[in-house]
Amino acid sequence: MSKVYFSSLHGKKSWLDKTSKLFDRAGFRSIIEPGDIVAIKVHFGEPGNTAYLSPIFVRRIVDKVKKAGGKPFLTDSNTLYVGARSNAVDHLVSAIENGFSYATVGAPIIIADGINGKDYVAVNIEGKHIKEAKIGSAVYHADAMIVLTHFKGHELTGFGGAIKNIGMGIGCRSAKQIMHSDVLPQVQDDKCTSCSKCIEWCPTEAITVFSTAKIDHAKCQGCGECTVTCPSGAIAINWMTEPSVTQEKIVEFAWAAIKNKSGKVGYFNFVLNVSPDCDCWGWNEAPIVPDIGILASFDPIAIDQASVDLVNNAQGLLGSRLKDMQHEDKFMSLTGIDWRPQLAYGEQIGLGMRNYTLVKVY
Ligand code: SF4
Ligand code: SF4
């Protein structure tokens, strides 16, 4: 049974002090050796969204890592969709506009998969779906990692927790295409300018370009590189897969993201401002439950299970998108997605366990 440390929001004590105390009680000091380069995985929030984790919490973690002798940096990987975070330059501008900068958090920012999502390390795993997972190199090469997750609803996985933050959140851009789709890419002839840039990145020589690009599906392995490379959007992003399959793929990428960091990763879930949708949207709706608290654990499965249990046991908020206040499963009621496969599969492959003890920290 895994331990999940939990600080509720009751009492006349700063939530920031509670965060610092959780870092100590969870034992995160022990995973940082003097001189370790420590990735602090965050989500900087799409511009326009205000539900993402506030940088003032992040600064507390940065301070703790520094006191432990580590060298922290903030990181996230580029998005698959073309928004304000799909390349490192836009991503850094968005992060700064959302309040993350050296001046505010005390640590530099390094986008995990580089300028255009091509800066990754291929990690071999024996997954049901994935054999080679492309992980953002900045995270791969870090010595340790603290994962800070704003816990909320998610339209694809039911909720967005620690597993999604490291699985989808550390995979490079093409990895995100793999997680989102089981369909091989197609070229839209009317958009193709015959620039041939996709050829360069195709690992299987499946693409030829004459008047327009053509993909030989007998050779294509569905890696997604052509989709994220095409400057004309001629190879459309596919969003076609079963939610349970996507969840299992995310779990496998999470496994790959921490594979070289045994005993060197700690997780925080902030169950605050539990908005119905992902922070990748440029807006957010009213939270579905009152602010609940902050959790810390070494176990990404246990911390997500504990977080979802806390939300499901809380009073739903009138005026939120929740319609069925009596429903025992708020995320299922909200999204229609069964979120359990990610936790069950994560447990099955040894990422953690769903049984947990909640240790209250005051
Ligand atoms: S990168 Fe896009 S526009 Fe260029 S050849 Fe390939 S499909 Fe056509
Ligand atoms: S998905 Fe990968 S293997 Fe298939 S055509 Fe595109 S780059 Fe080549």
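Rule-based calculations on the coordinates, nothing more; no lab input. Keep in mind it's a predicted model, so treat the numbers as computed, not measured. We place every Cβ from the backbone using ideal geometry, glycine too, and count neighbours over all the protein chains shown.
Given just the C-alpha atoms of the chain, how large is their convex hull per residue in cubic angstrom? Measuring per residue, one finds 130 Å³ for the Cα hull of the chain. Computed from Cα positions, the angle between helix 243-258 and the longest principal axis of the chain comes to roughly 80 degrees.
Size estimate for region 117-270 follows the Kirkwood approach: the inverse of mean 1/r over distinct Cα pairs works out to 16.4 Å. The value given for region 261-305 is a Kirkwood hydrodynamic radius of 12.2 Å, derived from the mean inverse Cα-Cα separation.
Between the Cα long axis of helix 300-312 and the first principal axis of the chain there is an angle of about 70°, rounded to the nearest 10. Cα-based radius of gyration for region 191-237, normalised by 2.2 N^0.38 Å, reads 0.99.
Within region 137-244, the chymotrypsin sites (Phe, Trp or Tyr not before Pro) that combine a DSSP coil assignment with at most 15 other C-beta atoms in a 10 angstrom radius are PHE210, TRP239. Within the same chain, lysines fewer than 8 places from LYS18 are excluded, and of the rest, those with a Cα less than 28 Å from its Cα are LYS3, LYS41, LYS64, LYS66, LYS67, LYS71, LYS152, LYS164, LYS261, LYS264, LYS330, LYS360. Within the set of other residues whose C-beta is less than 10 Å from the C-beta of ALA162, count the net charge using Lys and Arg as +1 and Asp and Glu as -1. It works out to a net charge of 0.
A cut-off of 5 Å between modelled amide H atoms, ignoring neighbours fewer than 5 places along the same chain, links GLY153 with GLY160, SER275, ASP277. Helix 88-97 and the longest principal axis of the Cα set of the chain meet at an angle near 30°.
Taking a point 7 Å from the Cα of LYS197 along the Cα-to-Cβ direction, the residues of region 66-106 with backbone N closer than 13 Å to it are 87. When the helices of the chain are scored as -39500 (n - 2.57) per DSSP H run of n ≥ 4 and the total is divided over every residue, the value at 222 nm lands at -9000 deg cm²/dmol. Annotation for region 152-168 versus region 55-94: alpha-carbon center distance of 18 Å.
If only the Cβ of Lys and Arg carry +1 and only the Cβ of Asp and Glu carry -1, the dipole of region 286-362 around its Cα centre is close to 140 debye. Sparse packing (at most 10 other Cβ atoms within 10 Å of the Cβ) combined with a DSSP loop state is found for the following trypsin sites (Lys or Arg not before Pro) in region 8-82: LYS12.
For the chain, the dipole from Cβ point charges (+1 on Lys and Arg, -1 on Asp and Glu) about the Cα centre works out to 1220 debye, to the nearest 20. Between amide H atoms placed 1.01 Å from N, distances below 5 Å from LEU74 occur with ILE40, ILE109, ILE110, all of them 5 or more places distant or on a separate chain.
Each residue of region 45-54 is assigned a 3J(HN,Hα), and the resulting list reads x, 5, x, x, 7, 10, 8, 4, 5, 5 Hz, derived from the Karplus form 6.51 cos²θ - 1.76 cosθ + 1.60 (θ = phi - 60°), x at Gly and Pro. Taking DSSP loops as anything outside H, G, I, E and B, show the longest stretch in the chain free of GluC sites (Glu not before Pro) there with at most 15 other beta carbons within 10 Å. Answer from the scan: 1-125.
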